[in-house]
Amino acid sequence: MSFGGSGGQSARPQPSHHNHQRRSPRDFHVRQQSPHPVDVIRGQQQQQQQAAASVTDIVLMSQQKKDRKTRNTSATTVVTSFNSPPPPPFQQPSPNINDSRVISKCESDDTIPNFTLSDNLESTESAQELRHLIDAMKIEFLRLRNAKIQAEDRAVRLQSDLILQQQKSEKMAVLLHTENEHLKAVAKASDKKLEQAMKTIHELHNEIRLLKGKKERRESYDKDRVSGSHEKVAKNNA
């Protein structure tokens, strides 16, 4: 029995798939060391992101430094403006159409300093903070000015009260001095009267003593006279 046709061909061994795709070790080594295109793109994107972040950090640092410098300058200008003489009551500053965008003080010291913002302030937050700072400075300025006005009014009232008290004290001192002089005069007059009275009393005592001596002598004389009369009568009777 013979087999023909496709039966004989199907029995023929087929070539190995691994043998057909076999590569040399050199090609395999080169394929392992070559980066995948996706990895290359990702690496480039990461490098670009890092570079952009660095640039952003530099810009932010520069902007923060610039904002701090502008804030310090504005604060210095505001504080310097407060050293000027106190202005009269608050007047709303007119809008600045040709906004110079530079923080400055009003030419007149009779009103509250007028401040404008600078176009160089690119950060909205920094500009808002500066506006709040200026508003706070204005409020503090008004508070200090009102406190100064109240203190001056109180000082004037105290000065007036002091002058009135001094005038009252001077008047009282004059009255007391006059009364004292009057009392001194009265006391001096009383002393003179007392001295005169004492002198009169002394004279009266002397007069009484003299009168008493005279009376005693008279009584003695009368007694002797009566006694002599009795003796004379007795002799006559004898």
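The values are calculated or read from the model by the stated rules, or taken from the named source; none is laboratory data. All of these numbers come straight from a predicted model, not from anything done at the bench. With ideal geometry, Cβ positions are generated from the backbone for all residues, glycine too; neighbour counts draw on all protein chains shown.
Within region 127-167, being of a type outside the set (A, V, I, L, M, F, W, C), surrounded by fewer than 11 Cβ atoms within 10 Å (Cβ to Cβ) and under 30 Å from Q64 (Cα atoms) holds for one residue alone: H132. Look at region 117-135: where a residue is of a type in the set (V, I, T), no partner that is at pLDDT 85 or above and outside any loop (DSSP other than H, G, I, E, B) sits 6+ places away or on another chain with Cβ atoms under 8 Å.
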